[in-house]
Each structure stands twice: as structure tokens, then as C-alpha cells.
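Below is one structure, written out as C-alpha cells; comments come after it.
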Amino acid sequence: MSDDVIWHCIRHNHCSFMAKITTGIFCRNPYNVTGICNRSSCPLANSRYATIRDHDGIFYLYMKTAERAHLPNKLWERVKLPRNYEKAMEVINKHLEFWPKLLVHKIKQRLTKMTQYRIRMRKLQLKVREKVMTMPRKETQRHIRRMDKAEKAAQLEKNIESELKERLRKGVYGDIYNYPFKEFDTILDMEKDDVAPPEEEEDEVEYVEGDDIEMDDMEDMEDFESIPDGDSDEDLSDEPVVKKPKGSGSDLRSNIGRKSKKVITEVERDETDTRQRKRM
């Protein structure tokens, strides 16, 4: 089929690669050199055509000739271009030596533009930038619900664990238990922490001043101890009063350097109205 017929059908009827916008008519075909929909740039309406394509950062020169039009699987001839810009230009000049000058010029412009954006891509990869990520609303809500369920489940497990520990302390299930070793060691450590042995207090030695108690008060206390109770008043009335000797050893030692004093103790009784006097 002639190239003019193909272009007439594409231009005036329908083309799936055509994109019409307010600024112009563009072509979405990946083999288009300029990206503009016109007669010289259309890869479908030209039996002799060439372009450059990028595959994972590697540039390839694609060439189509009329001799291979009857072989669709071998329609395009691909040549790998070197990464050096000048060497890539030499390869283009070598393979497109007898091609139309306008098409060769467009291919060289495309190579220049692709080399520039490849350099710009490398610079952006080396630069550290913040990555903006979208958070879907439904996924966020689903995650929040799962977190709430997990929290409730964890609270339930804590309640069950505390209840089992309480039953273990009370001995509800007897003396034989089949514990996992890890949990058993954890319980033992917790019990050791709860019931910690009290620290032994060291014996503190203190020196305290003695009480100043006069010997007279001590003697009065001894006299009161010698007085019998009220129940045995009748028996005491018949018994004679015994006087202490004046020269006892303990009294002499305690009364050294003191003046002699006489203490009179009187005891009144309602029944007999008798008085006992004791002199020292």
C-alpha cells in the first residue's frame, strides 16, 4: 500500500495514536521521532523511517526499510548506541549516511534531548529528597480497626493471665501443673520480686544518760511494797510490826555522805482505826 494512501486514511478518518488538544495534534506512537502528528513524522505512513528509543537507560537506534515491509517480525532493525554522546553521533552518521537530511537532523535532536534528561535523572537520584506517599482512607480506617481489636485481645489475655495467677496462688487446681518453662520462670521472677527478703538491720549501740532517781523515792517504793492488801487487814492486826535494822550493808553504802533522815509512814484502816508507824 502506498504511503500517501495510509496517511490519507490516518489523517482524515481515524488513528488510535492521535491526540487532539487546543495547542495542536500530537502522536502517542512510541516510534514517533518528534511526537507531532504530521506527514514527515508519522511512523505508519513512512516506509523508510528511523528513530531512537530508550530501554532501561540504554539508547537504541531503530531503522525501518521498505525491503522488510512484508516481514512484520523483522520490520525494525535495532542498533545499540554507546553512552558517549560523540560516539553515538558517529554511529548515527554511519548508519544514516544516505537517509534524508531532515530525518537525520530530527534523530540527532532527539538524541540530544534524551541525553540531557538522562543526565538530569542521575542528578536527581543522587540528591536526597522527601518521598511523598498517599495514605488511602479505607486502608487507614481498616488499620485502626485492627489495632483496636488487637488491643482488646491483649487486654483479655492480660485478664486471663492475672486470673490464672490468682488461682495458682490459692491452689485451686492442686499441686501438679504443666507450665511452659518460659512462663514458669517469669512467674517465679515475679514472685521473687513481690516477696523480697527484708534487709537485716544492724545492731545499733546507743549510750543513754541514766535516770536521776533519788534514793528516798526508792525507799518509799520499798515501804509501799511491804504494806499488805486490804483483804488481809485482820491478819495484819494481830501480827507484830518488824523493824529493819539500821545498819544493813546496802543501806550503809547508799547513805554514805548523806544526812540521816527519818521517814514516818502512816496507814489508816477503817475497821480497827489503828496506826502503824515505821521509823528508819
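The table for this structure:
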| read-out | value |
| --- | --- |
| Residue count, segment 116-133 (criterion: modelled with pLDDT under 90 and polar (S, T, N, Q)) | 1 |
| Residues (acidic (D, E) and touching a Pro at 6+ places or on another chain (Cβ under 9 Å)) located in segment 63-105 | E90 |
| Which listed residue is within 60 Å of the chain's Cα centre (by Cα) and part of a loop (DSSP other than H, G, I, E, B), from T34, T51, T112 | T34 |
| Residues that are under 20 Å from A69 (Cβ atoms) and either assigned to a loop (DSSP other than H, G, I, E, B) or among the charged types (D, E, K, R) (or both), drawn from segment 1-31 | M1, S2, D3, D4, C15, F17, N29, P30, Y31 |
| Failed item in (1) surrounded by 14 or more Cβ atoms within 10 Å (Cβ to Cβ); (2) β-branched (V, I, T); (3) within 60 Å of the chain's Cα centre (by Cα), with T23 passing the rest | (1) |
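Residues are listed down the side, and each one gets a yes or a no for (1) closer than 20 Å to G35 by Cα; (2) open to solvent by 60 Å² or more (accessible area, probe 1.4 Å):
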| residue | (1), (2) |
| --- | --- |
| I52 | yes, no |
| M63 | yes, no |
| L75 | no, no |
| V79 | no, no |
| P82 | no, no |
| E90 | no, yes |
| P100 | yes, yes |
| L111 | yes, no |
| T115 | yes, no |
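The values are calculated or read from the model by the stated rules, or taken from the named source; none is laboratory data. Owing to the predicted nature of the structure, the values given are computational and were not obtained by experimental measurement. Cβ sites come from the backbone with ideal geometry, for glycine too, and all protein chains shown count toward neighbours. Remember, those area values only see protein heavy atoms, side chains included, never the ligands or the DNA or RNA. Shrake-Rupley method; radii C 1.70, N 1.55, O 1.52, S 1.80 Å.
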